[in-house]
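Here's the structure, in structure tokens; my notes come after.
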């Protein structure tokens, strides 16, 4: 798979110690070997390094798993939300990857619209139609709430790989695999950046998440709390992730409420870059100077940083990749499983701070370097879409 220079810059290799820490935390390898009978994989066992931890330097190409001849494949994608810019970019990345395998006949998309019933019925409907591969983002509610539908689809014979949100359950039993970033690792990365910036004096922090109970948010929140437990000079004002449904308008409203409740906020963590853009609008509407912000990459944040910094002296920005590319990994693993092949790519990726306006994070770049000047504000700088694909998506 060809990757953009920006995509490589924004997702660094994690340290060996960090990888070991995640493994020791409970991320174990499953489905590591293909079945013995002729090496033919089924929908619960395949040679795809399920559960393994690593970095994007281990990406492979679709050509490595898609043969030139074979049975055609139908693909379904179910996103528990499916309506925001992130979801649209994720789908475009999957479609881009699918186009590199001529045996993939179609990619059908189901948007869950924040509704668990809509999401789970989308999963079971695709399975009932005999869809070969079903890729699921189980974020319409708590991950485990999606498991009955995921199990039903697996039992029906579909290859089910979850991505971008933890479904709970067990790979190799309830579904084939789950691939994502480590949200807890991301929470630790962001929190350590704040510790470095706020120093011994410390300060007050708020955390904005997605839908209520979304595991991506709660797991990142756990990583934040772990660091704060060792740094009492930092005070977390929000006892749980503030609900924004990953919607910029709702994030703006939520931040306005926080500003009226807390007179002094020194730093903001948001687990979605477009939500952070809503946070900035709330500050501007209140006539207040921006504090430290750490979130996922978003083109409006990168491209507008320098202008905002001129009138907001305390404002600094640090981001991790929004990993809109993670669906590509899920698709490649599923294609390898379908044809009984091998895919050594990691399932879980450790993402550190890579865009840092202070320039202090190791290997980081400045917002001006991350900015995609010819792309729309909603674009993701770390996307693996080409410039033409980005323009087609947003225009």
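Quick note: the coordinates plus some simple rules give every number you see, no bench work behind them. In this text, all values refer to a predicted model and were calculated from it rather than measured experimentally. Here the Cβ is made from the backbone with ideal geometry for all residues, glycine too, and neighbour counts use every protein chain on show.
Key figures
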| quantity | calculated |
| --- | --- |
| At R0 = 30 Å, FRET efficiency that the Cβ-Cβ distance of residue 201 and residue 310 yields, to 0.05 | 0.75 |
| Rounded if a/c under 1.5, otherwise prolate or oblate - the stretch 271-394, Cα gyration tensor axes | prolate |
| Estimated FRET transfer efficiency when R0 is 45 angstrom, pair residue 170-residue 103 (beta carbons, to 0.05) | 0.95 |
| Full-extension gain in nm, residue 237 to residue 394, via 0.36 nm per residue minus C-alpha separation | 52.9 nm |
| The chain - share of DSSP beta bridges that are antiparallel (%, nearest 5) | 5 |
| Percent breakdown of C-alpha pair distances by 10 Å bin, ordered from the shortest bin, for the chain | 5, 25, 34, 24, 10, 2, 0 |
| Fewest-first sequence of 207, 59 by Cβ atoms within 10 Å of each Cβ | 59, 207 |
| The stretch 185-315 - percent relative contact order, Cα under 8 Å, separation 6 or more | 25 |
| Whether the stretch 325-395 is rounded, prolate or oblate, judged on the alpha carbon gyration tensor where a/c under 1.5 counts as rounded | oblate |
| Mean Cα-pair separation over length for the stretch 70-186, i.e. relative contact order, pairs under 8 Å, 6 or more apart, % | 25 |
| Tensor-based shape of the stretch 53-189 (alpha-carbon gyration tensor, a/c under 1.5 rounded, otherwise prolate or oblate) | rounded |
| Residue list for the stretch 273-312, given a label point 7 angstrom along the Cα-to-Cβ vector of residue 368 and an amide N cut-off under 14 Å | 302-310 |
| Protection proxy ranking of 163-169, 271-277 - average other beta-carbon atoms within 10 Å, highest first | 271-277, 163-169 |
| Residues in the stretch 112-131 that a label on residue 83 would reach, taking backbone N under 20 Å of a point 7 Å out along Cα→Cβ | 112-123 |
| Alpha carbon centroid spacing (whole Å) that separates the stretch 328-395 from the stretch 262-276 | 23 |
| Likely footprinting exposure, 349, 315, fewest C-beta neighbours within 10 Å first | 315, 349 |
| Of 379, 191, 285, the one that fluctuates the most in a GNM where the chain has Cα springs shorter than 10 Å | 285 |
| Distance between the stretch 143-219 and the stretch 283-318 - C-alpha centres, whole angstrom | 26 |
| Computed over the chain: relative contact order in percent, which uses C-alpha pairs under 8 Å that are six or more apart | 23 |
| Computed [θ] at 222 nm, helices only, for the chain once each DSSP H run of length n ≥ 4 contributes -39500 (n - 2.57) | -11500 deg cm²/dmol |
| Fluctuation leader among 154, 311, 238 - the chain, Gaussian network, Cα springs under 10 angstrom | 311 |
| Projected label distance in nm at residue 264 and residue 358, using a 7 Å step from Cα toward the beta-carbon | 1.9 |
| Burial ordering of 97, 105, fewest other beta-carbon atoms within 10 Å first | 105, 97 |
| For the chain, built as a Gaussian network whose Cα springs stay under 10 Å, the top-fluctuating residue of 210, 202, 278 | 202 |
